[in-house]
Every structure is written in C-alpha cells, then in structure tokens.
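Only one structure is covered here, and it is reproduced in the block below.
What follows draws every value from the coordinates through simple rules; no lab data is involved. Note that the structure is a prediction, hence the values are computed from the model and not measured. Note that each Cβ is placed from the backbone with ideal geometry, even for glycine, and that neighbours are counted across all protein chains shown.
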Amino acid sequence: MDDGRESESIVRLVFDRVSGMTRMDRLTAPWRASESDLERLALLADRLKSGEPVQYVLGETSFAGLTFQCDRRALIPRPETEELLMEALRRVQTMRGDSSLRVLDIGTGSGILPIAWKSHGPSDEVHGLDLQTDALELAKANAERLGCAVDFHCIDILQHPPAGGIFSAPFDVILSNPPYIPQADCVEMLPNVLDWEPPSALFVEDDDPVLFYRRIIDGCGTEGWLTPGGLLALECHRDATEQVADLIPENWSGKERLRDLQGNWRMVFARR
C-alpha cells in the first residue's frame, strides 16, 4: 500500500465485498459485522498483509464499466489500458459507418480489451489471442459471464501463425498491450507486482524490449493482418513509444504518440 489514500480505497473495497453494501448504504443503514463477517475480514486482511493485490484477494476488478474476474492467471488491468481502449473506440467512429468491424486483441490476458470492445460494439467480430492457456481460460470465463461473444485463440505470434484461421482475412482494428518491461526494471518494481502477477505478461529481454511490437507491425504490413486504412493501437513502456513509432513504416498514416493521464508517453496509434 503506497499511501493513506490507497489504503483507504482498499479497505472500502474489502468492506463493500464482505458487507454486500456500498459505503453510502453502510452510513445510512448502519452495518454491524457478524461473527462470520469478522472471520472473513480477518482472512482477507491476512492475504492483503502478505502483499497480495486487492484485486486478486477479491477475485475481481473493474475495467471500462465492467466487472471482470481477476486472478493470478493474468495481469491486473491498469488505467492506461482503459485509456488505450477508449481512444481506439473514439478513432474508429469515422471508419465504422453502418458496417461492423473485425477486431483483434494480441496478448489478451483476462480478455478485458476484446470483451470491453464488444460491449461497445456488439455487432463487431471480436477476437483475442494469447499464448498462455490458463489466461485464455480466464478470458473465456469473463466473456461468458458478461455475455460478450468474443472468440479466443491460443497462438504464439513470435512464431508464424498457421495459414488460414483468424489471419485468413485482415482485421480493421488491432489492439495490443504486450509484455514490454525490460528485465532490468525489476529493481524498481513493487513486490505486490513482482511476487504475484505473471512474469510472462510483464517482462521482455533487455536486449530487444520491442520485439513484440516489431512482430505485430510486420504482421500487420507484410503479412496482411491489418486491412489498408485499419487502425493499430499499442500500449507501450513509457520510455519506448518513440522507438515503437519508428518501427511503423513511413507510408502508414496518422502515426501518433499519446500520453496517459499521468503524463507518461504510453500509446502509439497509426493507420496502415
């Protein structure tokens, strides 16, 4: 817990869960914890004290107005990923018209991006892919629980995807928040991230921290993953957006780096 404000927020979430009431409800209709409630609070407090993130302790988290199941099989959603989603949705309004879009999320984890996209564009054909089968199981469970028809696929994009399949036709939108943290950055990270979240979704080797972006951009262009005029939306390390943008061919249009709400360079957008 970084500060008093964060601690207060975590305590509120825990009490919301155990009481089944909002903070306002507890104030207007005073709530008294039963013995079983107290036992549950003690168990949750022990898990938090061990450093386990509150999202894993509660088993859920909010993203783009939806509640997702959340556990150690996948990363905890960050606010900047929601910013990427909302900016991408804004940018496709000019290309949507009356037609549906074909959308792909690469490195889908718990499925937050494609599921949230589908909730905003119910007529779109939406896919998510990941290499980790346990993360895909979580993504499928989230999609089913939220009633969003998203197709998930187990594919390693660093290998050449099999002919046909989801890449047999180009996508109108490709989103990705791939692993992008260099191993050297471990020393700056908090234990509640290092000790709990899946390393395969966080880290890349120091000698090639943009390998996923290079592969995605190459696939979009030379292998036809992205339709001409289609939108590519990438979340990046705060120190790597310029390097990622430089990988995008000069003949693409609308290439742009954006800052997140914290003022960090975080996103790269372009149209093939």
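Here are the numbers:
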{"quantity": "Rounded, prolate or oblate (a/c below 1.5 giving rounded, otherwise prolate when a/b exceeds b/c) for region 4-50 by Cα gyration tensor", "calculated": "oblate"}
{"quantity": "Candidate lysines for bridging to residue 118, where Cα separation is under 27 Å - those fewer than 8 sequence places away on the same chain excluded", "calculated": "140, 255"}
{"quantity": "Fraction of antiparallel bridges per DSSP, the chain only, in percent to nearest 5", "calculated": "40"}
{"quantity": "Separation of alpha-carbon centers, region 146-207 and region 231-250, rounded to whole Å", "calculated": "15"}
{"quantity": "Mean Cα-pair separation over length for the chain, i.e. relative contact order, pairs under 8 Å, 6 or more apart, %", "calculated": "15"}
{"quantity": "P(r) histogram, all alpha-carbon pairs of region 185-272 included - 10 Å bins from 0, percent", "calculated": "15, 42, 31, 11, 1"}
{"quantity": "Top of 178, 161, 209 by mean-square fluctuation, Gaussian network on the chain, Cα under 10 Å", "calculated": "161"}
{"quantity": "Kyte-Doolittle mean at least -1.0 and Cα axial length at least 24 Å: DSSP H helices in the chain", "calculated": "79-96"}
{"quantity": "For 227, 22, order by how many other beta-carbon atoms lie within 10 Å, fewest first", "calculated": "22, 227"}
{"quantity": "Mean Cβ neighbour count within 10 Å, used as a protection proxy, ranking 103-116, 195-208 highest first", "calculated": "103-116, 195-208"}
{"quantity": "Region 77-271 - convex hull of the alpha-carbon atoms, volume per residue in Å³", "calculated": "120"}
{"quantity": "Amide H within-cut-off set for residue 131, under 5 Å, with H built and near neighbours excluded", "calculated": "155"}
